[in-house]
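The values are calculated or read from the model by the stated rules, or taken from the named source; none is laboratory data. Computed from a predicted model, the values in this text were never measured in an experiment. Positions of Cβ are generated from backbone atoms using ideal geometry, with glycine treated the same way; all protein chains shown enter the neighbour counts.
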Amino acid sequence: MRKIALLGSTGSIGTQTLSIAREKKDLQIVAMSCGSNIDLFEKQIREFNPSVVSVSDENKAKELQDRISDLSTEVLSGMDGLIAVATCNEATIVVTAIVGMLGIRPTIAAINAGKDIALANKETLVTAGHIIMPLAKSKNISILPVDSEHSAIFQSLQGNDDNRIHKILLTASGGPFRGFKGEQLQNVTLEDALKHPNWSMGRKITVDSASMVNKGLEVIEAKWLFDVEYNQIEVYVHPQSILHSAVEYEDGAVIGQMGVPDMRLPIQYALYYPKRLNMSGERLDLFKVSNLTFEKPDLNVFKGLGFAYEAIKRGGNMPTIFNAANEKAVALFLDKKISFIDIYRQIENAMNKIDFIADPDLDEILQTEQDVYKL
């Protein structure tokens, strides 16, 4: 029996993780957390019967406690609750599916508690990769990527431990605005940005995909996950989303992973690594796909990707500034308080104004985030 602690059970990755647990009888959800959707969370708790759960908001946690008073599940809240879920004694692996820098402290706590990490939280490595990866290595903990692109790279590396990576080919769908020019982005709406052509994701990540900031975050994450330099990571716009990413080795051989756009595959691979098990759903039919195409991203239009390369090149707390500025801007865009193009302006402004720290510790990373939010 594989026992799982799931951070972010009501989000896109969380619900798909539970759908796998529903099919596979050897997966047990022993701990869960959610943000504020306690209606769905209550249903999940009653189905999977975890021993401990956490809700971000204390008042929502009290309401949930009243609702499930007939159960023995312990209800906690806030950061202490997240850490309790992440370090649950029964769990052997923690799926980190919460969005934002909120995931850093629980991830560190889980590593220190000896839990393997199925990582779906980009911000953890984007902002604290220089802390997380050495810590995981020192504790002999596996960081198993759940993002489709990073999982594809991870799968392409299997059996090649003694071979050096020449280049990572990181694919991107291009989102709903693929092929747009700068002036075309001026008047796009929130509704336009949320119409992703291939993937079903949460609202924040869908907007990030439309701006290609998401791909920038993945470039930074890949640098830490696979121990490469930023200039060894090349982004390819691949609108079919069939080749999920690939690795080019020193001899010129390119090994990649293909499949239909289904996040359950990388989630299941992380949960059962190194085994591959049968999975329900659509299978890849190359005759039906017919053509696979690749394009170079336009960094003059999709400036978020260029800002990400600049951030990881400079290092220090600059990726935190990039990420926090984007989080703040996307929240405003989702509330229809700024335009889509203003997301780029806010990122650039923060990267120019916030003080640079060359080697930030965790407190300095979190303080940098707060400084960006105050701008």
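Only one residue in 117, 104, 141 is in a loop (DSSP other than H, G, I, E, B) and either of a type outside the set (Ser, Thr, Tyr) or touching a helix residue (DSSP H, G or I) at 6+ places or on another chain (Cβ under 7 Å) (or both), so which one is that?
141
Take the conditions more than 21 Å from the chain's Cα centre (by Cα), under 21 Å from residue 101 (Cβ atoms) and in a helix (DSSP H, G or I) and apply them to residue 326. Does it pass?
no
Residue 52 fails exactly one of the following numbered conditions: (1) closer than 24 Å to residue 269 by Cα; (2) surrounded by 19 or more Cβ atoms within 10 Å (Cβ to Cβ). What is the number of that condition?
(1)
Kindly indicate whether residue 31 is crowded, with 21+ Cβ neighbours inside 10 Å and at pLDDT 95 or above.
Judged against the criteria, residue 31 is a match.
Please work out if residue 373 is aromatic (Phe, Trp, Tyr), under 20 Å from the mean Cα position of the chain (by Cα) and assigned to a helix (DSSP H, G or I).
Taking the combined requirement at face value, the residue does not satisfy it.
Could you count how many residues in region 119-154 are basic (Lys, Arg) and within 13 Å of residue 223 (Cα to Cα)?
Adding up the residues that qualify gives 1.
Could you please find all residues in region 349-370 being assigned to a helix (DSSP H, G or I) and surrounded by 17 or more Cβ atoms within 10 Å (Cβ to Cβ)?
350, 351, 365, 366, 368, 369
Since residue 101 meets every condition but one in (1) over 25 Å from residue 277 (Cβ atoms); (2) at pLDDT 95 or above, which condition does it not meet?
So the condition that residue 101 fails would be (2).
Of the numbered conditions (1) closer than 21 Å to residue 27 by Cα; (2) of a type outside the set (Ser, Thr, Tyr); (3) in a loop (DSSP other than H, G, I, E, B), residue 95 fails exactly one; give the number of that condition.
Residue 95 satisfies every listed condition except (3).
Can you run down the residue pairs with Cβ atoms below 8 Å, 6 or more apart or on separate chains, where the first is in region 255-279 and outside the structural domain of residue 20 (by TED's automatic domain parsing) and the partner is at pLDDT below 95 and among the aromatic types (Phe, Trp, Tyr)?
Note: pairs meeting the criteria are 261/199; 263/199.
Every residue in region 147-195 that is over 22 Å from residue 12 (Cα atoms), in a helix (DSSP H, G or I) and of a type in the set (A, V, I, L, M), please.
Those that are over 22 Å from residue 12 (Cα atoms), in a helix (DSSP H, G or I) and of a type in the set (A, V, I, L, M): 157, 185.
Could you list, in sequence order, all residues of region 163-215 that are more than 19 Å from the chain's Cα centre (by Cα) and surrounded by 15 or more Cβ atoms within 10 Å (Cβ to Cβ)?
If the condition is that a residue be more than 19 Å from the chain's Cα centre (by Cα) and surrounded by 15 or more Cβ atoms within 10 Å (Cβ to Cβ), then 165, 166, 167, 176, 177, 178, 180, 185, 188, 190 are the ones that fit.
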